[in-house]
Structures are given as C-alpha cells and as structure tokens.
Amino acid sequence: MKFSWSTLNVKNMNESIRFYTDIVGLEVVERFEGEPDLEIAFLGSGKTQIELKCDGKTHKPEVGKDISWGFETESLDQTLALMKENGVVVDSGPYQPNPHLRFFCVKDPNGLKIQFLEKIK
C-alpha cells in the first residue's frame, strides 16, 4: 500500500491554488468540476499529491490544530524572504531543534499549519 494524497477542504480554490503554487512551489496536476458546486484540484511535484476540494455549499472548512504539512526547501533563509515578499505571516519560528534541521511555520489561506524545513548537512 502507498500513500497517494491528502485532502484539504478549502474556502476559495483560486486563493488556495495561488498559495500552493506561488509560495510552496507545487504545480497543478489536474483541476476539474465535480458535482454541482464542487471543484477539485490535485497539486504535487512527486508521487504524493495534495487534493484541494472547494464545495460551494461549505463556507468554512474545519482544519485541526494538531495537523500540519511539511515541505522541504533548499534554503530556509530564501523561503523566509519569499514569505516576506508575498505578505505571508510567519506563525512561529524559525526553530533549530537539532544541528541537522531548521524550520518555521505559516498558515495557509484555510488556517492549515504549513512547515517549511531545511535539512542541514
């Protein structure tokens, strides 16, 4: 068995896609209309993808406070600069819990905690 995707219900598909493409660096793999008032997009850059689901009937997605997604970056400093350039507020960090890892967190447009991490060699 292999992990294929994680689904996030979003309040605004365009705003969410903009965050995950422009800020995180993922690409839209597929985007389509489902049932009436339902739009789905798959984003990724590897085998595991993110599914964004926007249901016109759902006005406020519920995101759990204990769930986060982590994205590895080549340079945490460059990623911090990208956040500043795009007006994305750093929610916490940067932290360095050990000599081999640095990270910080932001919230996506739906309130999901996103970690950006750099593995230090």
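The values are calculated or read from the model by the stated rules, or taken from the named source; none is laboratory data. Everything numeric in this text was worked out from a predicted model, so none of it was measured. When we count neighbours, we look across all protein chains shown, and the Cβ atoms used for this are built from the backbone with ideal geometry, even at glycine.
For the stretch 25-41, taking the residues that are assigned to a strand (DSSP E or B) and not hydrophobic (A, V, I, L, M, F, W, C), the one that is nearest to the chain's Cα centre (by Cα) is identified as Glu27.
Restricting the stretch 38-47 to residues that are modelled with pLDDT of 85 or more and farther than 21 Å from Cys105 by Cα, the residue that is surrounded by the most Cβ atoms within 10 Å (Cβ to Cβ) is Ala41. For the stretch 6-33, name all the residues that are exposed (fewer than 15 other Cβ atoms within 10 Å of the Cβ) and closer than 19 Å to Gln115 by Cβ. Hits for the stretch 6-33 are Ser6, Thr7, Thr21, Asp22, Gly25.
The selection criterion, being closer than 22 Å to Val90 by Cβ and touching a residue at least 40 places away in the same chain (Cβ under 8 Å), holds for Leu8. The set of residues in the stretch 63-82 being touching a residue at least 24 places away in the same chain (Cβ under 8 Å), more than 17 Å from Asn110 (Cβ to Cβ) and out of contact with any Ser or Thr (no Cβ under 7 Å at 6 or more places or on another chain) consists of Glu72, Glu74, Ser75, Leu76, Leu80, Leu82.
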